[in-house]
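Trainee: Have a look at this one before I ask anything.
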Ligand SMILES: NC(=O)C1=CN([C@@H]2O[C@H](COP(=O)(O)OP(=O)(O)OC[C@H]3O[C@@H](n4cnc5c(N)ncnc54)[C@H](O)[C@@H]3O)[C@@H](O)[C@H]2O)C=CC1
Ligand SMILES: O=C(O)[C@@H]1CCC=N1
């Protein structure tokens, strides 16, 4: 992989996960700058991974080849206004954005220029090189930039390219927000294990190792559907059946469907109402 100078604008959760993942996998830390107004997270990243840290977005962007926007959507307008005031030339840079709810056309409008922009929707497991990242590029983005972005994110997990920008909002519901759904489910099982009298350490082990085993089994069993794997655990008249029947009675599928629709609706709301 080419080692371009990468500048992250925003040093929060997802930047931290990507930076940790790519540096651990050999991306040279001195080719990475992390920006944020306050020392906090960027200081931690600089100390832990040896990346460069800066409070000056404009100066960092000027010397960067690849700029990754990684701030909350609510911050983007003010940020772009500052960058417009600084009269930055974006023409020879690859712009990557993980920002939810900001379309390519909106970004160009806010920065008042055409951008060589790829939207990325990663998830926090990039931290352990097991991320899932969806990508969408504007038509004019060249093959070399698409290739660099694919390689960068493949170094911390799997990548898929989307044909429609609108699918970014769907991917948020399916894979970007989804780690939180799995954590929530694990939390619920862990909490009940504690109430059943297991120690914190034992409860965590039981939940964690089960989740790990489930993922490994799913990966090894590509010929079986998820439903078939579930049925292999569920004996007629047995314990699992009793639990699954309860989930079904409470309409777990409807709950999950409504939750995912809520995530998509929020992405669409942010698209329309961030400004
Ligand atoms: N956390 C996640 O799992 C994922 C987040 N995203 C998206 O990534 C973006 C960032 O999310 P998080 O990292 O979770 O948020 P966060 O709140 O943890 O981090 C935001 C960062 O932006 C910085 N910031 C705020 N204003 C700034 C400015 N003017 N200039 C430079 N930096 C500034 C903050 O100091 C902070 O470091 C959001 O748009 C989110 O939707 C996308 C995929 C997954
Ligand atoms: O909750 C959020 O808005 C971001 C987008 C995907 C994961 N976290």
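Trainee: Which one of these does residue 184 not meet: (1) outside the structural domain of residue 261 (by TED's automatic domain parsing); (2) exposed (fewer than 13 other Cβ atoms within 10 Å of the Cβ); (3) free of Cβ contacts under 8 Å to residues at least 60 places away in the same chain?
Mentor: With (1) outside the structural domain of residue 261 (by TED's automatic domain parsing); (2) exposed (fewer than 13 other Cβ atoms within 10 Å of the Cβ); (3) free of Cβ contacts under 8 Å to residues at least 60 places away in the same chain applied to residue 184, the lone miss is (1).
Trainee: Looking at residue 140, is it within 17 Å of the chain's Cα centre (by Cα), farther than 25 Å from residue 253 by Cβ and part of a loop (DSSP other than H, G, I, E, B)?
Mentor: no
Yes/no matrix, rows are residues, columns are (1) free of Cβ contacts under 8 Å to residues at least 60 places away in the same chain; (2) touching a helix residue (DSSP H, G or I) at 6+ places or on another chain (Cβ under 6 Å); (3) within 16 Å of ligand 2 (Cβ to nearest atom):
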position	(1), (2), (3)
90	yes, no, no
96	yes, no, yes
104	no, no, no
117	yes, yes, no
127	no, yes, yes
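Trainee: Looking at the stretch 143-154, can you tell me whether even one residue there is outside the structural domain of residue 259 (by TED's automatic domain parsing), part of a loop (DSSP other than H, G, I, E, B) and touching a residue at least 12 places away in the same chain (Cβ under 8 Å)?
Mentor: Scanning the stretch 143-154 turns up no residue that is outside the structural domain of residue 259 (by TED's automatic domain parsing), part of a loop (DSSP other than H, G, I, E, B) and touching a residue at least 12 places away in the same chain (Cβ under 8 Å).
Trainee: Among the residues of the stretch 95-131, count how many are part of a strand (DSSP E or B) and under 15 Å from residue 61 (Cβ atoms).
Mentor: Qualifying residue count, the stretch 95-131: 4.
The values are calculated or read from the model by the stated rules, or taken from the named source; none is laboratory data. Everything numeric in this text was worked out from a predicted model, so none of it was measured. Positions of Cβ are backbone-derived with ideal geometry, glycine not excepted, and every protein chain shown enters the neighbour counts.
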